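Participant: Before anything else, here's the structure in question.
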Amino acid sequence: MPTMKDDTVSESDAAAGFHLRPHFKRFNQKDDVFRRSWWDERIRTQKSELFYETYREPLKTWRKVDGFTQKDYALRNAAWHVSDLFTELKQDQDRREGFSDEFTLYRDIAEEQMDLGTPTQAAAEIKRVGKSFGADLIGIAEYDERWMYVHKFSDMSKREKPQEIPKGLSSVIVVAQAMDYDLIRTVPSALSGAATGLGYSHDALVVLSLAQYIRNLGYSAIASMNDTALAIPYAIKAGLGEYGRLGLLITKEFGPRVRLGKIFTNLPIAPDRPIRFGVKEFCDTCRRCSEGCPVNAIPSNAPSDEIYNQSNIKGVVKWTVDGEKCFGYWAAQNSDCSICIRVCPYNKDFSKWYTRLGRWLAGTRLRKLMLRLDLALGFGSRMPSKRWWRGEGETAGGF
Ligand code: SF4
Ligand code: SF4
């Protein structure tokens, strides 16, 4: 029987920290736990239906506790509003763009192709434009079929649909939008969901504008958010960060506090390389997310290819999160949960010198000391939502 040591890992996969095993299988969107919440009776419960309803109509009577009042839900839902509008625009065509389907809201591609210079010059320009449109982070990866959904799935007609990204889009531009630090400090709360909603609303604006810019230059470009492909492996390949125990991308600039978007294009642009700043080694020592998760959905052991259920990709050696347990908690509290993001020592406001010092320490042999200091100084603890409403957060402008 072959062992993990016998697996051949290519140089580029090793650089990205990917370890795929011979039984690797591309992921089917139908198995995503959010898609399952529409067709799988084990996941679709009364609680999950109420969970989704509260994103349309704020709960008024459910709980009166801090962070779950009508005002908190009202703000959360308003933050989602722009993303929701884009997503709902083509529902009559069985499309939920940005979550189940890639975006199709464009003007035509220009007939004349503009020369942007060398692939390196083109990459630099695209990054400048992306940042000017509001991207907090932006990187470029080569197209990699392994991370594309093998089929898409419609929540509305409850049917599988074919993958629609055409051949020949050889580059993937990955953008990350930072979520608000102080809102995430209020987790668990409906209020904190405003950070998620704003992340997606900003994301939609940036990926659609940047894709249209590339189309105006005469090249193909298709914008996408959570649909179409697994965003985290692309983000790692694009040099935006490393993979963490909590099952998310950890960026140097914002830790795990980001939402991702991507643009598939045939514009000739130079790819970035994966980065390493000590996350894997730090996560080997730290257990803040697995200990903080209220439903034990995050593993505390070493990375492996073991999976919990069909919502996990098969044949990848990594820290795997139990999406069924995680979504069950979201449904039970009528809002998304980001406790693991809040408590992660990489979740900081890095505009301050002492937080940058902590991040540097985390990447050295003094990582255990950093972890002890982080706890002693109270990082990762919850801020009551009423403090956020009083404007007592840490970040300068908030929001
Ligand atoms: S989001 Fe909440 S429930 Fe899900 S893994 Fe993180 S801490 Fe656990
Ligand atoms: S909380 Fe600790 S173990 Fe979990 S992702 Fe963050 S650094 Fe890694």
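Participant: Taking the condition of being assigned to a helix (DSSP H, G or I), touching a Phe, Trp or Tyr at 6+ places or on another chain (Cβ under 6 Å) and away from ligand 2 (no atom under 13 Å from the Cβ), how many residues in the stretch 330-365 meet it?
Facilitator: Our first condition is that a residue be assigned to a helix (DSSP H, G or I); within the stretch 330-365, this holds for 330-333, 339-343, 353-362.
Remaining after also requiring touching a Phe, Trp or Tyr at 6+ places or on another chain (Cβ under 6 Å): 331, 356, 362.
With the extra rule that they be away from ligand 2 (no atom under 13 Å from the Cβ), the set shrinks to 331, 356.
Total meeting the criteria: 2.
Participant: Looking only at the stretch 177-231, count how many residues are of a type in the set (A, V, I, L, M) and within 23 Å of GLY393 (Cα to Cα).
Facilitator: Residues of the stretch 177-231 of a type in the set (A, V, I, L, M): 178-179, 183-184, 187, 190-191, 194-195, 198, 204-208, 210-211, 214, 217, 221-223, 225, 229-231.
From what is left, the residues that are within 23 Å of GLY393 (Cα to Cα) are 178-179, 183-184, 187, 190-191, 194-195, 198.
Here the count works out to 10.
Participant: Which of the residues belonging to the stretch 214-273 are touching a Cys at 6+ places or on another chain (Cβ under 9 Å) and either more than 16 Å from ligand 1 (Cβ to nearest atom) or part of a loop (DSSP other than H, G, I, E, B) (or both)?
Facilitator: Going residue by residue through the stretch 214-273, those that are touching a Cys at 6+ places or on another chain (Cβ under 9 Å) are 242-248, 250, 255-257.
Correct list: GLU242, GLY244, ARG245, LEU246, GLY247, LEU248, PRO256, ARG257.
Participant: When the residues of the stretch 318-329 are narrowed to those that are more than 16 Å from the chain's Cα centre (by Cα) and in a helix (DSSP H, G or I), which ends up nearest to ligand 1 (Cβ to nearest atom)?
Facilitator: Looking at residues that are more than 16 Å from the chain's Cα centre (by Cα) and in a helix (DSSP H, G or I), I get TYR329.
Participant: Could I ask something else about it? May I ask you to verify whether ILE250 is more than 16 Å from ligand 2 (Cβ to nearest atom) and either in contact (Cβ under 8 Å) with a residue 24 or more places away in the chain or among the polar types (S, T, N, Q) (or both)? Walk me through how you get there before you give the answer.
Facilitator: Numbers: more than 16 Å from ligand 2 (Cβ to nearest atom): no; either in contact (Cβ under 8 Å) with a residue 24 or more places away in the chain or among the polar types (S, T, N, Q) (or both): yes.
Against the criterion (more than 16 Å from ligand 2 (Cβ to nearest atom) and either in contact (Cβ under 8 Å) with a residue 24 or more places away in the chain or among the polar types (S, T, N, Q) (or both)), ILE250 does not qualify.
Participant: Quick check on SER132: is it more than 25 Å from ARG159 (Cα to Cα) and of a type in the set (Ser, Thr, Tyr)? Full working, then the answer.
Facilitator: On the way: more than 25 Å from ARG159 (Cα to Cα): yes; of a type in the set (Ser, Thr, Tyr): yes.
It is true that SER132 is more than 25 Å from ARG159 (Cα to Cα) and of a type in the set (Ser, Thr, Tyr).
Participant: While we're looking at this one, here's another question. Taking VAL317 as meeting all but one of (1) modelled with pLDDT of 95 or more; (2) within 16 Å of ligand 2 (Cβ to nearest atom); (3) aliphatic (A, V, I, L, M), write down the number of the exception.
Facilitator: Status for VAL317: all satisfied but (2).
Participant: Does LEU230 satisfy the condition of being within 25 Å of VAL295 (Cβ to Cβ), surrounded by fewer than 23 Cβ atoms within 10 Å (Cβ to Cβ), modelled with pLDDT of 95 or more and away from ligand 2 (no atom under 16 Å from the Cβ)?
Facilitator: Numbers: within 25 Å of VAL295 (Cβ to Cβ): yes; surrounded by fewer than 23 Cβ atoms within 10 Å (Cβ to Cβ): yes; modelled with pLDDT of 95 or more: yes; away from ligand 2 (no atom under 16 Å from the Cβ): yes.
The answer is yes for LEU230.
Participant: Moving to a separate point now. What number of residues within the stretch 89-125 are surrounded by 13 or more Cβ atoms within 10 Å (Cβ to Cβ), free of Cβ contacts under 8 Å to residues at least 60 places away in the same chain and not in a loop (DSSP other than H, G, I, E, B)?
Facilitator: So the answer is 3.
Participant: Follow-up question, since we're still on this one. Collect the residues in the stretch 63-84 that are under 16 Å from PHE51 (Cβ atoms) and of a type in the set (Lys, Arg), keeping them in residue-number order.
Facilitator: ARG63, ARG76
Participant: Next up: Out of the residues in the stretch 278-317 that are within 15 Å of ligand 1 (Cβ to nearest atom) and in a helix (DSSP H, G or I), state the one that is nearest to HIS19 (Cα to Cα).
Facilitator: CYS283
The values are calculated or read from the model by the stated rules, or taken from the named source; none is laboratory data. Computed from a predicted model, the values in this text were never measured in an experiment. Every residue, glycine as well, gets a Cβ built from its backbone with ideal geometry; the counts of neighbours run over all protein chains shown.
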